[in-house]
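Input: a single structure, listed below in structure tokens.
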Amino acid sequence: MQTALRTSLPETELASRANFAPHARVVREERPAQTIGLPLSISGLRKSFGDNEVLRGIDLHIPAGQFVAIVGKSGCGKSTLLRLIAGLDKIDSGSISFGDEVRTEDIRVMFQEPRLLPWARVLSNVEVGLGRDRASKDAHARAEKALTEVGLADKRDQWPSVLSGGQKQRVALGRALVSRPRVLAFDEPLGALDALTRISMQRLLERVWRDQGFTAILVTHDVAEAVALADRVLVIDEGRIAHDVVVNTARPRERGSAELAALEGSILSHLLSADDRT
Amino acid sequence: MSLIDSISFPRSFRLPRVDGLIQWIVPLAIIAIWQVASVTGFVPTRVLPAPSDVALAGWKLLLSGELVRNIWVSFWRASIGFLIGGSVGFAFGLANGLSQLSAKLTDTTLQMVRNVPHLALIPLVILWFGIDESAKLFLVALGVFFPIYLNTLHGIRTVDPQLIEMGRIYGMTDSELFRRVIFPGALPSIFVGIRFALGIMWLTLIVAETIAASSGLGYMAMQAREFMLIDVVVLSILIYALLGKLADSASRVLERATLSWHPAFQKR
Ligand SMILES: Nc1ncnc2c1ncn2[C@@H]1O[C@H](COP(=O)(O)OP(=O)(O)O)[C@@H](O)[C@H]1O
Ligand SMILES: [Mg+2]
């Protein structure tokens, strides 16, 4: 099995891995050479809400263009980590750095709720994603292109309220993509969708990630989804990264293959053992 | 009246034509029964004149020009009072919904003033303004102020915080955030305020005009009472009802035009 499974890496090893990142390099070779993705380095990241120490020292390096999934039991701080990465909340201590100067348009977040403006047509909702370029002349054209990418070009003049849950989420994806972000963070974006819609959305996510080469960070509670999509799965427990699992399976991946199932099983057993302790 | 009630009602506007006629059956039947009751003497005309008498009185007043003049005066008072009270209420609602400082400064005071029934101020207002135009305008504006203020404030405070966060993430400036997220989000609630205010507007005007005025529909009704012209009294009441209904319909049309995104206003 190609899969490398590491448990409880000591910090020094993590750091050397950060510089080295052999697995990521293997994966990246499958993709177009010009990746617009940004690398991400997190060190000693802590965050508490009052007495509740949610993140107790996260050290992590994500190479440019990698697809990382974050799993962990509910309330372990996945969303908190994602919000810190996206700059939505203040860091208590530690640091998060991207390899480059970042503009706000470079980092985009998608939430479990589509958060579309109900009073704006689908196309205008996508235009919101252009940020400061909203007023530019090609705003319409760019929004339409993003809408085509998510397969909703024919819905451009609809109100969001007439769309299905999956379609709303695709509009939200179009809005996140329209500014050509270099890091895209997803907080359980498919959590509220039915099984079939989920699978087609997972395919869509994988496709746009391969096409555009952004660095993807996906928080999910679905381990099968994590191993199907990600280059690497991080398990968060007690405020730290408890496991860092590399998924080397070649893409396109066959859903439900024995290899992915075995990996899923081992990650699940980590999660369950963490659960037993509490 | 909850927001849901008020926004789901206009669906009936979309119903086929036959259903549109159905709503007039009951009022027409009432008028017919009323006419019959009057003509047969079942209801003495001293108590309630026949609908035909009321219509006749209306026709005479229309010809003399008195009716149009009085309606116009009342309409003018209502509109100006509404505009003044509405704008001030809207401005305070915006300020207190958007700024903590402004809310801390004025909200408590306004909430205290709200507990004084504005019609209780009539004696004081007459002392201040006499029975001048400004007395009526002041009372209408005061009555209209609170529903607009409260509902604008409520609308702004209850805009989905997730949408506001989304706007900020996508780099909206404060003014863009207001224009594209906060104001449209508050609009359904603002309309509830407007509809409440329209009701209060007519009520205030009727009371003010019957007590202290030398023109207008309320004055016309009081004059008619002194001369025992009961048909004119009934006519005035009916016209008030009609004007109230008109104002309400106008606000519904406006509401439908601006809230077409809302599921309650969409064709199905
Ligand atoms: N804004 C906040 N204020 C206080 N506590 C918070 C806040 N956000 C998250 N928490 C707490 O932090 C912990 C982690 O939350 P979260 O990151 O949302 O978990 P999850 O892994 O389920 O996404 C939870 O115990 C939650 O109650
Ligand atoms: Mg979460």
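The values are calculated or read from the model by the stated rules, or taken from the named source; none is laboratory data. All figures in this text were calculated on a predicted structure; none of them were measured in a lab. As a convention, Cβ positions derive from the backbone with ideal geometry for all residues, glycine included, and neighbour counts pool all protein chains shown.
Conditions tested, residue by residue: (1) modelled with pLDDT of 50 or more; (2) outside any strand (DSSP E or B); (3) charged (D, E, K, R).
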site	(1), (2), (3)
A:L14	no, yes, no
A:V26	no, yes, no
A:E30	no, yes, yes
A:A64	yes, yes, no
A:D106 in contact with a Pro (Cβ under 7 Å, 6 or more places away or on another chain), more than 16 Å from ligand 2 (Cβ to nearest atom), of a type outside the set (A, V, I, L, M, F, W, C) and under 25 Å from A:E206 (Cα atoms): yes
Residue under evaluation B:R77, criteria (1) farther than 21 Å from B:V159 by Cβ; (2) among the basic types (K, R); (3) free of Cβ contacts under 8 Å to residues at least 24 places away in the same chain, criterion not met: (3)
Condition broken by A:R115, with the remaining ones in (1) away from ligand 2 (no atom under 16 Å from the Cβ); (2) crowded, with 21+ Cβ neighbours inside 10 Å; (3) of a type in the set (K, R); (4) not in a strand (DSSP E or B) satisfied: (1)
Members of the stretch A:37-68 that are of a type in the set (G, A, S) and either touching a Lys or Arg at 6+ places or on another chain (Cβ under 7 Å) or over 25 Å from A:E113 (Cα atoms) (or both): A:G37, A:S41, A:S43, A:G44, A:G50, A:G57, A:A64, A:G65
Any hit, the stretch A:78-91, residues being more than 16 Å from ligand 1 (Cβ to nearest atom) and free of Cβ contacts under 8 Å to residues at least 60 places away in the same chain: no
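Residues checked against (1) out of contact with any strand residue (DSSP E or B) (no Cβ under 6 Å at 6 or more places or on another chain); (2) surrounded by fewer than 20 Cβ atoms within 10 Å (Cβ to Cβ); (3) within 14 Å of chain A (Cβ to nearest Cβ); (4) not in a loop (DSSP other than H, G, I, E, B):
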site	(1), (2), (3), (4)
B:Y149	yes, no, no, yes
B:I156	yes, no, no, yes
B:E165	yes, yes, yes, yes
B:L203	yes, yes, no, yes
B:S215	yes, yes, no, no
B:M222	yes, yes, no, yes
Extreme residue, surrounded by the fewest Cβ atoms within 10 Å (Cβ to Cβ), among residues of the stretch A:120-151 that are of a type in the set (V, I, T) and more than 8 Å from chain B (Cβ to nearest Cβ): A:T148
Filter result (closer than 18 Å to A:I236 by Cβ, of a type in the set (A, V, I, L, M, F, W, C) and more than 9 Å from chain B (Cβ to nearest Cβ)) within the stretch A:78-119: A:L81, A:L82, A:L84, A:I85, A:I91, A:I96
Qualifying residue in the stretch B:128-135 (condition: outside any helix (DSSP H, G or I), surrounded by fewer than 13 Cβ atoms within 10 Å (Cβ to Cβ), out of contact with any Lys or Arg (no Cβ under 6 Å at 6 or more places or on another chain) and charged (D, E, K, R)): no
Subset of the stretch A:181-209 that is in a loop (DSSP other than H, G, I, E, B), more than 16 Å from ligand 2 (Cβ to nearest atom) and crowded, with 23+ Cβ neighbours inside 10 Å - its residue that is farthest from the other protein chains (Cβ to nearest Cβ): A:R182
Total residues in the stretch B:136-147, condition closer than 20 Å to B:G218 by Cα, of a type in the set (A, V, I, L, M, F, W, C) and either within 14 Å of chain A (Cβ to nearest Cβ) or buried (at least 22 other Cβ atoms within 10 Å of the Cβ) (or both): 6
Scan of the stretch A:210-251 for residues that are assigned to a loop (DSSP other than H, G, I, E, B) and within 16 Å of ligand 2 (Cβ to nearest atom), ordered by number: A:T220, A:H221, A:D222, A:G239
Candidates A:V233, A:V162 - the one that is surrounded by fewer than 18 Cβ atoms within 10 Å (Cβ to Cβ) and not charged (D, E, K, R): A:V162
